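Notes follow the structure.
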Amino acid sequence: MVDLSGPELLPDEEEMLRHPLVGGVLLFSRNYESPEQVRELTSRIHELREPQLLVAVDHEGGRVQRFREGFTRLPAAGRIGEAYDSAPERAANAAELCGWLMASELRAVGIDLSFAPVLDLYRGVSRVIDDRAFHRNPEAVARLARAYMKGMQQAGMAAVGKHFPGHGSVEADSHSSLPIDSRSFADIQAEDLLAFERMIHYGLPAIMPAHVVYPAVDERPAGFSLRWLQNVLREQLGFRGATFSDDLSMAGASFAGDFADRAHAALTAGCDMVLLCNDRQGVQEVLRRLGSYRDPVAQARLVRMHGRAGMAWDELLGTEQWRRAVNLAESLEREPELALGDDYLS
């Protein structure tokens, strides 16, 4: 999965996207100007190949929302979690409606998937996670994330849980360094893994592993670890969905060598698709050196990640459900606990 330089698809980018090893495109804020423009961009991307390329975006809400002007401003997951302790049922309903809102707006402009929800626990430690996490309690995270996933499914989008097996207990940011979580496997299993285990049982379609080292389990970061991706995720937890690496251009992936070495290591460990963005030379290096790499099992898993039919943009904005969801999102951002007392969830 690769990135693009701007809001329009350039000729050399079209050539890159036709390469048989490219399976998807990750969009950023630089690729967005308006709902109409991004709808045209995704249409052009989808027209290039059959089966179509996946088009993805990081669009969780709060700090992580790539498309702003013209889209609803989504609350951070932590805003929903703030109301959970006093009103768990209504908080779960709010999570479902927010998941539907996020996914329905993206599907209306041709986006296949958003890398959400975050399943990390809020520990008050990780600056990069912080309020991206629903809650400190793994059972609460699982309940809210399940509801959020249900809303996404209703809008025609598959969910991607991240960052396996949990990024919330390390202070370092894997974008700029390699975090190390020294806890024992038993502690991770009893806490962070619980939310992932629950979500796998609920039918989670995809997972993104963390660029974090857990030395008590493996010296390699989770996204490059056979122990984590095969022994724990596939065999112990019974996960049958797709796995997406986190971005290989992040500092947390640098231990594996150059970009081609990183891609090979992640694929060998068990990732079905690797993300490489913000380094075009690195992309070309990977495409050149991976040669005729092919994994039919991974391809079968990834086919299930394509978005299902959604409403057109104007049709969506005319629905009562969209209006209620927008009002809820705005209220959650201002006063989380009071928002659940209003009629947005009726």
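A short reminder: the numbers here are calculations on the coordinates, not readings from a lab. Just so it is clear, the structure is predicted and the values come from calculations on it, not from any experiment. Cβ atoms come from the backbone with ideal geometry, glycine included; neighbour counts cover every protein chain shown.
According to the Kirkwood relation over distinct C-alpha pairs, the hydrodynamic radius of segment 58-175 is 14.0 Å.
Remark: 82, 219, 50 ranked as 50, 219, 82, counting other beta-carbon atoms within 10 Å and listing the fewest first.
Cβ crowding within 10 Å ranks 126, 29 as 29, 126, fewest other Cβ atoms first.
Dividing the summed helix terms, -39500 (n - 2.57) for each DSSP H run of n ≥ 4, by the number of residues in the chain produces a 222 nm estimate of -11500 deg cm²/dmol to the nearest 500.
Among 75, 215, 35, whose mean-square fluctuation peaks in a Gaussian network model of the chain (Cα, cutoff 10 Å)? Its mean-square fluctuation being the largest, the pick is 215.
Structural size metrics of segment 214-346, computed from C-alpha coordinates, are Rg and Dmax of 20.8, 57 Å. Take every pair of alpha-carbon atoms less than 8 Å apart whose residues are at least six positions apart; their mean separation over the length of the chain yields a relative contact order of 17 percent.
When the P(r) is computed for segment 254-296, the part past 13 Å accounts for 51% of the Cα-Cα pairs.
Looking at segment 72-345, the DSSP beta bridges with both ends there are about 15 percent antiparallel.
Dividing the convex hull volume of the alpha carbon atoms of segment 163-259 by its residue count, what do you get in Å³ per residue? Walk me through the numbers on the way to the answer.
Working: hull volume 8.3 nm³, N = 97.
Taking the convex hull of the Cα positions in segment 163-259, it is 85 Å³ per residue.
Highest mean packing first, where packing is the average number of other Cβ atoms within 10 Å per residue, the peptides 162-171, 86-95 line up as 162-171, 86-95.
For the chain, the normalised intensity computed at q = 0.09, 0.10, 0.15 Å⁻¹ comes to -0.45, -0.56, -1.30 (log10 of I(q)/I(0), Debye sum over alpha carbons, equal scatterers, no solvent).
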